[in-house]
Structure formats: structure tokens, C-alpha cells
Amino acid sequence: QRYKTYLVGVDGSEYGYNALKTTCRSANRTDKIVAMYFPTSIALYMERSATFRLSDNQIDAMKSDLAEAQTKNNAEIEKKCEQIIKDYGPEHINAYCKIGKESFVPRD
């Protein structure tokens with residue numbers, strides 16, 4: 001029997017990781033923990049933003065580097081969340097980290 005589902009927002013900061021640790025410490029083995037992260041799309045931000053005053057060619061050249069960096073960051077956050085769940089959560093708890101779709105701004 002499962003009792004509670006915890007949804008924890010993580011963002012790669014110590015604040016987010018501490019929220020996950022706290023949740024893991026208070027959860028029961030029959031609970032479920034979902035750590036969620038919605039990355040900001042830097043490439044999309046640059047494309048939409050007039051702030052940078054970059055040409056289309058400059059933006060295109062940077063997109064692949066930004067996408068690669070974002071993928072690496074997502075993997076690091078997922079790995080860190082899994083380690084926190086393993087270290088602080090009850091044994092055999094139903095828990096995972098979900099990386100959501102990139103967005104321009106959090107409200108998109």
C-alpha cells in the first residue's frame with residue numbers, strides 16, 4: 001500500500017537538493033518521490049531575445065554548444081538526485097528524477 005506521493009522541484013542548487021534530502025528523510029518505504037526539473041532553454045532564449053544583439057549566424061553557431069552543455073547539466077542533476085534518494089531515502093522506495101521539457105520561461 002502506498003501512502004503519499006512527494007513532488008520535489010530541483011534546479012541544480014543546494015536549496016533544491018536540500019528539499020529532496022528532507023523529503024527522503026521523512027518518507028516511508030511505501031511512499032513515492034518524484035524529483036522534477038524543467039530546464040530553461042538557453043538556445044531558445046537567445047533566439048527570442050533581442051538582449052544579446054547577435055546575428056543569426058552567431059546564434060546558430062552557439063546552439064550546438066549550448067545544447068550539449070544543457071544535456072550535460074541535465075545528466076548531472078539526474079545523477080545527483082538519484083544519489084540523494086539512495087543515500088537519504090528508505091531502502092527500496094519508489095523514487096525517480098524526471099527531467100521535463102525545456103522551456104523559454106518557467107510559465108511556458
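Brief remarks follow.
- Tabulated pairs, segment 24-37, first among the basic types (Lys, Arg), second open to solvent by less than 20 Å² (accessible area, probe 1.4 Å) and outside any helix (DSSP H, G or I), C-beta under 9 angstrom, 6+ apart or interchain: Arg25/Gly89; Arg29/Gly89
- Picking from residues in segment 1-31 that are in a helix (DSSP H, G or I) and not hydroxyl-bearing (Ser, Thr, Tyr), the one that is farthest from Ala75 (Cα to Cα) is Arg25.
- Candidates are the residues of segment 64-81 that are at pLDDT below 90 and within 20 Å of Gly100 (Cβ to Cβ); the one that is most open to solvent (accessible area, probe 1.4 Å) is Glu68.
- Candidate set from segment 87-102 (those that are open to solvent by 90 Å² or more (accessible area, probe 1.4 Å) and at pLDDT below 95); member that is nearest to Lys32 (Cα to Cα): Tyr96
The values are calculated or read from the model by the stated rules, or taken from the named source; none is laboratory data. The model shown is predicted, which means the values in this text are computed figures rather than measured ones. Reconstructed Cβ throughout: ideal geometry from the backbone, glycine too, with neighbour counts over all protein chains shown. All accessible areas refer to the heavy atoms of the entire protein, side chains included, with ligands and DNA or RNA removed. Shrake-Rupley method; radii C 1.70, N 1.55, O 1.52, S 1.80 Å.
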